[in-house]
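The values are calculated or read from the model by the stated rules, or taken from the named source; none is laboratory data. Being a predicted model, the structure only gives us computed values, none of them experimental. In this analysis, Cβ positions are derived from the backbone assuming ideal geometry, glycine residues included, and neighbour counts consider all displayed protein chains. Side chains included, ligands, DNA and RNA excluded: accessible areas come from the protein's heavy atoms. Shrake-Rupley method; radii C 1.70, N 1.55, O 1.52, S 1.80 Å.
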Amino acid sequence: MTHLLECKDLHVKYGGVHALRGISLHVDEGEIVTIIGANGAGKSTLLNAISAIVPISSGEILYEGQPLPRKAHQVVARGIAQVPEGRQVFANLTVKDNLKIGAFLRRDAQGVAADLERVYRIFPRLRERENQYAGSLSGGEQQMLVIGRGLMSHPRLMLMDEPSLGLAPMLVQEIFKVIREINREGTTLLLVEQNAHKALAIAHRAYVLETGEIIREGYGQDLLKDPAVQEAYLGARRTARQK
Amino acid sequence: MILQQIVNGISIGAVYALIAVGYSLVYSVLNFSNFAHGDVLMLGAYIGFFSLMLLKVPFPLAIAMAMVGAGIIAMIIEKIAYRPLRLRRAPLLYFMISAMGMSIFLQNFTIVTIGPNFRTYPDIFPVKPFAVGNLSIGRLDLVILIATVIVLLLLTWLVYKTRIGIAIQAAAYNMRVASLMGINPDLIATLVFLLAGASAGIGGVLFGMKYTVYPWMGVLTIKAFVAAVVGGLGSLPGAVVGAFVLGITETFAAAYISSAFRDLFSYLLMTIIIVARPAGLMGTVAQEKA
């Protein structure tokens, strides 16, 4: 069976750093796959390599069995959207224009209008603020906007980079709820997260990345119970000591 | 008298505005100052001149040909002088050097092929100015102002209201994230140079009509660059405001102090603005650009 996305022995080197050292992973249609790991493990580099923002040194990235193009805009055209880390909105544009620019490559006006409605249904706050400049939104609203903007291209596969980073606990809950909902509505997700607990809880499968290498993989639920993963990424020891 | 100076200042400011928007547009997206912009203006002035003199086309068509011609030339310059650097992620300094090289090449190429002599546009509009009360308004100045307003309105509509314009703004804010939206950076660069070139083309014709046409006339656009910096490099409204502020400052300096001090005041204005407000009058404080 061909996977929706498959990375084979992927290496990325840049600026003298060997950031990815032979990553092999796959994502199947309909899944939520998460990649957990510490800061600097190479999680963002992996997503950026798939999005063709950073060049790959060796290895292959296959999408529906075919090599992915190596220009970022062509990757988007194939149906892969990225929600970049750190709420990178276009601060100089209104909320609505940010969302419209997410649908830049689409020619079906009706489909775009329907997806705009869908984004506004998922995030009613964005509708309220549609004519405000994105730079004036709060951090949480900006995160909603970048997720909404990613949805506007109607991707088959969405790459999400740390969607919960720096958000208040209540918002984190809401964002994870939305991630599940997006997946249930048919979008396949590759999710990079520092919040390993929450990410593993919603993921079908997961990979653990450490200094550019995959050191463990498995079902989300299994990794949650894996003592090594618990110790390194879920803060199990600290919880035990507190008890 | 004061009113007359303001009228004169607006007239020169209008030409500066046409040129300054080109500097600003390119800077906003690609983060470097295209110092070959003045030479695109010079070529536009020649295209307009020869269209009128050799092809004997009507004036509006001559302007259209200058805009199209200069736009295409600017696109070609981007392709050969800047794109290879961009694809290699070269430091911004290299772009400046490449721009200066391109500028020297274009000037000398023009001297060798067309010749170093000064050429004067024919008088298309009666030289006799309008008299409104005590004011005298040159007919050419009026044409310049109207043409500038039309071009700036078109440009504003294009950048702020159309899909592709919004893509240009997104790319100006963050090219990397824009490419994640499916926006092709090469396409945006081409488009931005086309727009900047076309406005330099009409600017060249108007400049040529007001003064003369010669191979190194592009040097004069350094004033328009000053206007763009005063207004806030990268901001289109800023470029326009800066151009009129500079135009009026210059005419006042020339009229009330000494025309020899005119340029002194232009650069003094720029220095004061840069020191007091590094982002310019309307520029946003450097977001993620250095």
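Taking every DSSP beta bridge with both residues inside the protein assembly as shown, roughly what % is antiparallel (nearest 5)?
Expressed as a percentage, antiparallel bridges in the protein assembly as shown total about 60.
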Practice problem: Give me the lysines in straight-line cross-link reach of A:Lys71: C-alpha distance below 22 Å, same-chain residues under 8 apart excluded. | Solution: A:Lys8, A:Lys13, A:Lys43, A:Lys100, B:Lys79
Quiz prompt | Listed peptides B:156-166, B:13-23, B:221-231, A:30-40 by packing density, highest first (mean Cβ within 10 Å) | solution = B:13-23, B:221-231, A:30-40, B:156-166
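Could you give the size of the charge dipole of the range B:19-224 about its Cα centre, using +1 on the Cβ of each K and R and -1 on the Cβ of each D and E, expressed in debye and rounded to the nearest 20? Provide the component values of the computation, followed by the final result.
Details: 14 positive and 5 negative charges, 56 e Å.
The dipole magnitude comes to about 260 debye.
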Exercise. Indicate the gyration tensor shape class of chain A (rounded, prolate or oblate), computed on the Cα atoms with a ≥ b ≥ c the square roots of the eigenvalues: a/c under 1.5 is rounded; otherwise a/b larger than b/c is prolate and the rest oblate.
Key: oblate
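Report relative contact order for the range A:9-113 in percent, whole number only (criteria: Cα-Cα under 8 Å, sequence separation at least 6).
21 percent
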Quiz prompt | Eligible lysines near B:Lys56 by straight Cα distance, threshold 29 Å, same-chain separation 8 or greater | solution = B:Lys128, B:Lys210
Quiz item: Got a number for carbon plus sulfur as a percent of chain A's accessible area, 1.4 Å probe?
Solution: 49 percent
Quiz item: Taking a temperature of 10 °C and a viscosity of 1.306 mPa s, what whole-number D in µm²/s does Stokes-Einstein yield for the protein assembly as shown with Rh from Kirkwood over alpha carbon pairs?
Solution: 62 µm²/s
Self-check item: Value of relative contact order over the range A:121-188, rounded to a whole percent, pairs C-alpha under 8 Å and six or more apart
Solution: 33 percent
Quiz item: Taking a ≥ b ≥ c as the square roots of the eigenvalues of the Cα gyration tensor of the range B:105-220, is the shape rounded (a/c under 1.5), prolate (a/b larger than b/c) or oblate?
Solution: oblate
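Give a quick list of trypsin sites (Lys or Arg not before Pro) in the range B:26-97 that DSSP marks as loop, anything other than H, G, I, E or B, with at most 12 other Cβ atoms within 10 Å.
On the way: sites: B:Lys56, B:Lys79, B:Arg86, B:Arg88, B:Arg89; in loops: B:Lys56, B:Arg88, B:Arg89.
Taking the range B:26-97 and a limit of 12 other Cβ atoms within 10 Å, the loop trypsin sites (Lys or Arg not before Pro) found are B:Lys56, B:Arg88, B:Arg89.
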Quiz item: Once the dipole of the protein assembly as shown is set up with Lys and Arg at +1 and Asp and Glu at -1 on Cβ about the Cα centre, which of B:Pro185, A:Leu167, A:Gln132 lies farthest towards its positive end?
Solution: A:Gln132
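Tell me, what is the percent relative contact order of chain B, built from C-alpha pairs under 8 Å that lie six or more residues apart? Don't jump to the answer; show the numbers that get you there.
Details: 474 pairs, mean separation 106.6, N = 290.
Value for chain B: 37 percent.
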Practice problem: Using protein chains only (no ligands, no nucleic acids) and a 1.4 Å probe, work out which residues of the range A:93-142 have their accessible area cut by at least 40 Å² relative to the chain alone. | Solution: A:Leu93, A:Ile101, A:Phe104
Quiz item: Which of the listed residues, A:Gln143, A:Asn183, A:Ile122, is farthest toward the dipole's positive end in the range A:91-243, when Lys, Arg count +1 and Asp, Glu count -1 at the beta-carbon?
Solution: A:Ile122
Exercise. Mind putting a number on the dipole of the protein assembly as shown about its Cα centre? Charges go on the C-beta only, +1 for Lys and Arg and -1 for Asp and Glu, and I need it in Debye to the nearest 20.
Key: 400 debye
Exercise. Check every DSSP H run in chain B and write down those whose alpha carbon atoms cover 30 angstrom or more along the long axis and whose mean Kyte-Doolittle hydropathy is 0.5 or greater.
Key: B:2-30, B:92-113, B:139-161, B:185-210
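For a test of the definition: using alpha carbon positions, the gyration tensor, and the 1.5 limit on a/c, classify the range A:39-114 as rounded, prolate or oblate.
Oblate shape, in that a/c is at least 1.5 and b/c is the bigger or equal ratio.
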Exercise. Calculate the mean, over all residues of peptide B:166-177, of how many other protein chain Cβ atoms lie within 10 angstrom of the residue's Cβ.
Key: 5
Quiz prompt | Whole-number D in µm² s⁻¹ for chain B, Kirkwood Cα-pair radius fed into Stokes-Einstein, 4 °C, 1.567 mPa s | solution = 67 µm²/s
Quiz prompt | Around A:Ser138: net Lys/Arg minus Asp/Glu count, Cβ-Cβ under 11 Å | solution = +2
Exercise. Using only protein heavy atoms and a 1.4 angstrom probe, determine the accessible area buried between B and A, summed over both sides, in Å² to the nearest 100.
Key: 2000 Å²
Quiz item: Which parts of the range A:62-88, residue by residue, lose 20 Å² or more of accessible area when the rest of the protein chains are there, as against the chain isolated (1.4 Å probe)?
Solution: A:Lys71, A:Ala72, A:His73, A:Val76, A:Gln82, A:Pro84, A:Gln88
Exercise. Pick out the long, greasy-scoring helices in chain A: whole DSSP H runs spanning 15 Å or more along their own axis by Cα, mean Kyte-Doolittle at least -0.5.
Key: A:109-122, A:139-151, A:169-184
Quiz item: What residues qualify as long-range amide H neighbours of A:Gln82, i.e. H under 5 Å apart, gap of 5 or more or another chain, H built at 1.01 Å from N?
Solution: A:Leu159
Quiz item: Averaged over B:182-188, how many beta carbons belonging to a partner chain fall within 10 Å of each residue's beta carbon?
Solution: 5
Self-check item: Between the range B:88-160 and the range B:248-284, the alpha-carbon center distance in angstrom
Solution: 20 Å
Exercise. For B:Ile77, B:Ile150, B:Ile47, give the ranking by accessible area with the largest first, probe 1.4 Å.
Key: B:Ile150, B:Ile47, B:Ile77
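Just how large is the dipole of chain A about the Cα centre, in debye to the nearest 20, putting +1 at every Lys and Arg Cβ and -1 at every Asp and Glu Cβ?
440 debye
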Self-check item: Furthest towards positive pole of dipole, B:Phe49, B:Ile124, B:Ala90, structure part the range B:19-224, Cβ charges
Solution: B:Ala90
Exercise. Taking 7 Å along the Cα-to-C-beta vector as the label spot, tell me the B:Asp186-A:Asn131 distance in nanometres, rounded to one decimal.
Key: 4.0 nm
Exercise. Taking amide H positions as placed in the peptide plane 1.01 Å from N, state which residues far from A:Tyr14 in sequence (5 or more) or on other chains have amide H under 5 Å from it.
Key: A:Ala19
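Which order do A:Asp28, A:Asp115, B:Asp123 take when ranked by solvent-accessible area (1.4 Å probe, heavy atoms of all protein chains), largest first?
Ranked from most to least accessible, the order is B:Asp123, A:Asp28, A:Asp115.
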Self-check item: MRE, 222 nm, helices only [DSSP H, n ≥ 4, -39500 (n - 2.57), over the protein assembly as shown, to nearest 500]
Solution: -17500 deg cm²/dmol
